[in-house]
Amino acid sequence: MAKIKKAEYVLSAAWQSQWPEADRPEICLAGRSNVGKSSFINTMLQRNGIAKVSGTPGKTRTLNFFNVNDALYFVDVPGYGYAKVNESIQRSFGPMMDTYINAREVLKGMLLIVDYRHTPTKDDIMMYEYVRHHNIPVVVIATKEDKLKRNDLKKNEKKIKEKLGLGPEDAFVRFSSLKKLGIDKAWNEIYRLCDINFEE
């Protein structure tokens, strides 16, 4: 497991001028609202509550930067696909994401968080196709593995990969915050994308 010596929330940025200095690799985390993104961050960074698990899906409306070991940033982006989020707020997500994806040279890849139990939504597919269009590598993190029956694991993995049109170069990680499953594999993919090694 990765040695997390330092993990801290740094800032929330609504505008490019607020982004931290581009002095280290960044990994973007995206997923529909209520998919378990905050739990994933808390589990990966071994810090309960570093990312707030909201009872109100769609609450994140900024890019949230988390410093990891002074070596990289996790960048949590707004959850998508939540109907009750105000339309004007939904429209503001697009330009913010567009600017970040296009202008951030230190962005090394995206972790696309999906629910292992369900077929990817139209929004999941759009997000995957969008970042792939910009030549950003993707690692699909399938959360809530613990809620699936054993004989559904391969079947659901196949469905998710086919629905997204997952390329052979993009990784798939089975993940469970409850069982602490998939942490090492997820970190290995992050190391690969960022070309860093926390064990050094």
Residues within segment 24-49 that are without any contact (Cβ under 8 Å) to a residue 24 or more places away in the chain and not small (Gly, Ala, Ser), tallied: 1
Unmet requirement for residue 119, which otherwise passes all of (1) within 27 Å of residue 68 (Cβ to Cβ); (2) modelled with pLDDT of 90 or more; (3) part of a loop (DSSP other than H, G, I, E, B): (1)
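Filter segment 165-185 down to the residues that are within 21 Å of residue 47 (Cα to Cα) and either in a loop (DSSP other than H, G, I, E, B) or among the charged types (D, E, K, R) (or both) and list them by number. Steps first, please.
The first filter runs over segment 165-185 and keeps only residues within 21 Å of residue 47 (Cα to Cα), leaving 173-185.
Those that are within 21 Å of residue 47 (Cα to Cα) and either in a loop (DSSP other than H, G, I, E, B) or among the charged types (D, E, K, R) (or both): 174, 175, 177, 178, 179, 180, 182, 184, 185.
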Of all residues in segment 159-178 being among the charged types (D, E, K, R) and at pLDDT 95 or above, the one that is surrounded by the most Cβ atoms within 10 Å (Cβ to Cβ): 174
Qualifying residues in segment 56-94 (those that are under 19 Å from residue 15 (Cβ atoms) and hydroxyl-bearing (Ser, Thr, Tyr)) - the one modelled with the lowest pLDDT: 88
Matching residues, segment 1-21, being in a loop (DSSP other than H, G, I, E, B), farther than 16 Å from residue 78 by Cα and among the small types (Gly, Ala, Ser): 2
From 188, 151, 156, residue being in a helix (DSSP H, G or I), buried (at least 19 other Cβ atoms within 10 Å of the Cβ) and over 14 Å from the mean Cα position of the chain (by Cα): 156
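Applying the selection to segment 33-49, what residues are out of contact with any Pro (no Cβ under 6 Å at 6 or more places or on another chain) and either farther than 14 Å from residue 144 by Cα or assigned to a loop (DSSP other than H, G, I, E, B) (or both)? Write out each step before concluding.
Looking only at segment 33-49, we keep the residues that are out of contact with any Pro (no Cβ under 6 Å at 6 or more places or on another chain), and these are 35-49.
If the condition is that a residue be out of contact with any Pro (no Cβ under 6 Å at 6 or more places or on another chain) and either farther than 14 Å from residue 144 by Cα or assigned to a loop (DSSP other than H, G, I, E, B) (or both), then 35, 36, 42, 44, 45, 46, 47, 48, 49 are the ones that fit.
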Flag for residue 46 being polar (S, T, N, Q), surrounded by 13 or more Cβ atoms within 10 Å (Cβ to Cβ) and modelled with pLDDT under 95: yes
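The values are calculated or read from the model by the stated rules, or taken from the named source; none is laboratory data. Just so it is clear, the structure is predicted and the values come from calculations on it, not from any experiment. Glycine gets a Cβ as well: all are built from the backbone with ideal geometry, and neighbour counts include every protein chain shown.
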